[in-house]
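**Student:** Can you keep this structure in mind? I'll have questions shortly.
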Amino acid sequence: MGLLDGHQALVTGAGSGIGRATCLRLRQEGALVALLDIDGEAAAVVAEELGGGPVVVADVSDGEAMDAAVQRVAAELGGLTILVNNAGVGAVKPLHRYSDREYDRIVDVSMRGTFNGIRAAAPMMLEAGRGSIVNVSSISGMRPTRGEAPYAASKAAVIALTQSAALEYGPILRVNCVSPGLIETPLTAPLMGDEKTRASFDRKTPLGRVGTAEDVASVIAFLCSDMAAYVTGINLPVDGGSLLPSSQVEGVLTAILSLSD
Ligand code: NAP
């Protein structure tokens, strides 16, 4: 028996990284899964890995397209009880170098895309009397980073949207959020660099390694399931402990601790 038997799920950004891993995990837990991505070919490959499932090619920042996607998926799957608003894009550059277009794209996909997903799915879930929505934010939305101002701000907005929606749609729906730390996916491939850089990311993470898409997918599956039946409005970091406050004094404290061994 799976954690999500009898559920119907829609995952955005399903063709790659965390979205792909989430589709596989939700399916493994028994849910029927529909895949939405702007890249239809990538989503179709993942659908094949799942053994089938509706594929919707859409841009999450297009409200009408999201409404249509939700209606279509619910008709094909026989309802919709889970929505994972995962699609996101990023960039790294000084704040003053972002063009309007770059700013709009980042904010539109993360913030407007999450808003569009909730707006499209919530009425149908409320009518059905149950539903769980999980949004994908980032630790950058909790502890903003250099070079990622529009991304960090849009991910902070995703946390706020989660909390507003949890208040508005309880007690019928649960709305939660995960904030991944550094996770190895195509999005972060340019950051990983050579073996030395990668090893330093591993070393600086309290759990000793960069995360995997599966690490995030399993927490999303948990939040979607009845195991989290009394959890709503939370933002759960999935970051190997990297948000823990330590970097400023870490070297000094490690040296002192090693003397007391
Ligand atoms: P990814 O591997 O780049 O996958 C994202 C998927 O979303 C891609 O298939 C992408 O298609 C699709 N997509 C992009 N824009 C879209 C749009 N407008 N409408 C529909 N689909 C769209 O990224 P990931 O690393 O798995 O990230 C997934 C989520 O986790 C994002 O929200 C990201 O911000 C968040 N996150 C990731 C990390 C990390 O370290 N990886 C950390 C914190 C948070 P294209 O490839 O064609 O663009």
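**Student:** Considering only residues that are more than 12 Å from the ligand (Cβ to nearest atom) and open to solvent by 50 Å² or more (accessible area, probe 1.4 Å), look in the range 176-196 and name the one that is nearest to the chain's Cα centre (by Cα).
**Tutor:** That would be Gly193.
**Student:** How many of the residues in the range 128-156 are of a type in the set (Val, Ile, Thr), within 9 Å of the ligand (Cβ to nearest atom) and not in a helix (DSSP H, G or I)?
**Tutor:** Number of matching residues: 1.
**Student:** While we're here: Would you check which residues across the range 41-60 are open to solvent by 30 Å² or more (accessible area, probe 1.4 Å) and in contact with a Gly (Cβ under 6 Å, 6 or more places away or on another chain) and list them?
**Tutor:** Across the range 41-60, the qualifying residue is only Val57.
**Student:** Within the range 198-217, does at least one residue satisfy the condition of being in a helix (DSSP H, G or I) and within 13 Å of Ser132 (Cα to Cα)?
**Tutor:** Within the range 198-217 (the criterion being in a helix (DSSP H, G or I) and within 13 Å of Ser132 (Cα to Cα)), the answer is no, since none of the residues qualifies.
**Student:** Would you point out which residue out of Thr232, Thr162, Thr205 is surrounded by 14 or more Cβ atoms within 10 Å (Cβ to Cβ) and more than 16 Å from the ligand (Cβ to nearest atom)?
**Tutor:** Thr232
**Student:** I'd like the residue in the range 17-40 that is within 9 Å of the ligand (Cβ to nearest atom) and open to solvent by 50 Å² or more (accessible area, probe 1.4 Å) and, out of all such residues, is nearest to Ile82 (Cα to Cα).
**Tutor:** Arg20
**Student:** Of everything in the range 69-104, what is within 16 Å of the ligand (Cβ to nearest atom), assigned to a helix (DSSP H, G or I) and touching a Leu at 6+ places or on another chain (Cβ under 9 Å)? Give them in sequence order.
**Tutor:** Listed by number, the residues that qualify are Ala69, Val70, Val73.
**Student:** Just checking, which of Met125, Met111 is within 12 Å of the ligand (Cβ to nearest atom), hydrophobic (A, V, I, L, M, F, W, C) and more than 17 Å from Ala14 (Cβ to Cβ)?
**Tutor:** Going through Met125, Met111 in turn, the sole match is Met111.
**Student:** May I pose another question? From the list Ile139, Ile106, which one is at pLDDT 95 or above, in contact with a strand residue (DSSP E or B) (Cβ under 6 Å, 6 or more places away or on another chain) and of a type in the set (A, V, I, L, M)?
**Tutor:** Answer to the check: Ile139.
**Student:** Filter the range 87-139 for residues that are surrounded by 22 or more Cβ atoms within 10 Å (Cβ to Cβ) and among the hydroxyl-bearing types (Ser, Thr, Tyr) and give the result.
**Tutor:** The answer is Ser110, Thr114, Ser132, Ser137, Ser138.
The values are calculated or read from the model by the stated rules, or taken from the named source; none is laboratory data. Quick caveat, the model's predicted, so the values are computed rather than measured. Virtual Cβ from ideal backbone geometry, glycine too; neighbours counted across all protein chains shown. To get the accessible areas, we keep the full protein, side chains included, count just its heavy atoms, and leave off ligands, DNA and RNA. Shrake-Rupley method; radii C 1.70, N 1.55, O 1.52, S 1.80 Å.
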